[in-house]
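Novice: Take this structure first; my questions come after.
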């Protein structure tokens, strides 16, 4: 029991000692006999002060503008109502100021609003531009911030707008203030005597159901996080702000000659205020304390505080503003850790001592400089990686991955070093593909797994959160005919994506490389088409969030060693919200595969992928590229030439030589009809990818099990072809919809390709 009581007493004494030391340190910052704290403000450093000294009767402050009052344990500036929260000798002072709020006044009617402005008179202090932000919250709301100085006025501000509560919630889930429901701007340097006000430019008419007020305020960085709940009203009436302060009204050079020069300590130095007048005092290197007091700057005890590079505290000697290392009698050396410390003296001639000392010194200098340089470079690279990781949404990705329950389907976050090692620092000899969105390298991970690493060209910083969502969605796609996304690296300026490696090239290469296309049998082509259709059907219909590929082409269909199709390259893909069927986008894709309806309207739908897939089917049938200047003018557009021959009942004229035989005539005609249906100019008339997949599977089954379609002969296939042509001529679609007098094929023929330019 006695031991326990002794320990409790020791703890109590330790706490008391710490409190006393803190109080003594705070008291040493003020003039003798002057209050040094007030309420939550534990230290009031001179040149600030409260009233007069109870020892000398002199002012506790340097200038009247730095006079403070303590009322009910709350610190105020002068006799005003501005509360002070903290003061630092680095030239910063934290204050509280009111917000400006604008509200709909029901008594005035729904068309009128009322608000008030807030003013802060600070003739000496300026608002810190690097420590504050000007924020406006609300819908149909704008706020302005004015500054008056020497009769001149300068202004800044921002406005917010939002149509529905859902639009605010979808854009502001991260709590950021990005312009919808909340906006913020930087504050120009040197603003003083400010006024600011929140106003409504639409009287809240468009958002009256969920927002009838707005407010503007200046706030210290990191002290406000936007929430949708704030649209119902401000949760606070005052905010903390940071002001810059200085003393005097002239530069250091001019003030040093005056009797009221504020840098009293002989170990102080002066630095000019970053604004148009005034200066600040600070202790010289090797000293610490309050440079505005005569004895305020004290020598830092480097030896006892372990702030030295001597090999031992006993070989360290204090000097004014610094320290020195030495070796006691009987030992030689310079006493520093870098210089080898102190060691016993050994007999040697003077020349040897000089040579050895010089050599050791040069080596130590070289090692020291090299070490510092390497540490600097290493730290610089580390900071750059951290910057890119945050800039590319790494924190958001980690947060979302931590919420995933199925760990087997999560994305791997690779480091930049891992992928550099996997690609031999992105050796050009490992490039396996280049496209409009980046370069693809072959890589070998440490576990000997072969991967494809895509290095994109650019990334839109405003779409970082959508990019992360797409990465997570694509990593969860588990389909045998879709290239698997394994992970990503966010430590580089442009994110790197890691995919499974598919080793047999692209369908484009296989069809169009010299002497190879003829070797691809019709059976293989039909299977590849069916597998690609199944992959696109999965993306459109079975993925957790529907995905439109937007760049379907033979160059984006990879083949593995068994010639199984793998749909790849989602650089242009878009996620489709579950409540939408089309998306307005900038037109992107590859010429020759682009949906004409999409090019005209910029409205992206799943049927845009269907059109592009129809071009792929035509390539499989003809072995020709979608567009080529090497062909005659009427044949430059493959789709137009194909549809024209199909309409003229001359399909077999455009088929690749050697592809047609007696066994596959019926299948080829049915696939040609499917391709024509995909190429209809109106998206609503095209079949869905799910329907295409089922029909292609049916064609395959007919070949495998001929009894399924035993009653269907060659004449029936010709009849189907005739029916397809008739449906074009009369405007009928496969779904039974009626065309409004257009001949789809004729309309396609009217498209002016401008000689392909």
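Novice: Rounded to the nearest 0.05, what FRET efficiency is calculated for residue 629 and residue 653 with R0 set to 35 Å and r the Cβ-Cβ distance?
Specialist: Calculated value: 0.95.
Novice: Label residue 237 and residue 665 with points 7 Å out from Cα along Cα→Cβ: what is the distance between them in nm?
Specialist: Inter-label distance under the simple model: 9.2 nm.
Novice: Residue separation times 0.36 nm, minus the C-alpha to C-alpha distance between residue 176 and residue 253: what's the value?
Specialist: 23.2 nm
Novice: Quickly work out the residue 684-to-residue 72 label distance, labels modelled 7 Å from Cα along the C-beta direction, and quote it in nm with one decimal.
Specialist: Reported label-point gap for residue 72 and residue 684 is 7.0 nm.
Novice: Right, another one. Could you list 356, 93 so that the one with the fewest beta carbons within 10 Å of its beta carbon is first and the one with the most is last?
Specialist: On the way: 356 11, 93 20.
The order, fewest Cβ neighbours first, is 356, 93.
Novice: Measure off 7 Å from each Cα along the Cα-to-Cβ vector at residue 318 and residue 448, then give the distance between these two points in nanometres to one decimal.
Specialist: If labels sit at residue 318 and residue 448, their model points lie 6.6 nm apart.
Novice: Once you sort the root eigenvalues of the Cα gyration tensor of the range 23-88 as a ≥ b ≥ c, which label holds: rounded (a/c under 1.5), prolate (a/b larger than b/c) or oblate (the other case)?
Specialist: Values: a/c = 1.65, a/b = 1.18, b/c = 1.40.
Here the range 23-88 falls in the oblate category.
Novice: What FRET efficiency would be calculated for the residue pair residue 426, residue 65, taking the C-beta separation as r and a Förster radius of 51 Å, to the nearest 0.05?
Specialist: Calculated transfer efficiency: 0.30.
Novice: Another question, if that's okay. For the range 641-690, what does the alpha-carbon gyration tensor say about shape, rounded, prolate or oblate, given a ≥ b ≥ c as the root eigenvalues, a/c under 1.5 as rounded, and a/b over b/c as prolate?
Specialist: Because a/c hits 1.5 or more and a/b fails to exceed b/c, the range 641-690 counts as oblate.
Novice: At 0.36 nm per residue, and after removing the present C-alpha to C-alpha distance, how many nm does the segment from residue 229 to residue 434 gain when stretched out fully?
Specialist: Full-extension gain reported as 69.0 nm.
Novice: Between residue 167 and residue 365, what is 0.36 nm times their sequence separation minus the Cα-Cα distance? Round to one decimal in nm.
Specialist: The span from residue 167 to residue 365 would gain 65.1 nm if fully extended.
No lab work stands behind these numbers, since they all come straight from the coordinates. Remember, it's a predicted structure, so these values are computed and weren't measured experimentally. Cβ coordinates were reconstructed from backbone atoms using ideal geometry, including for glycine residues, and neighbour counts include every protein chain displayed.
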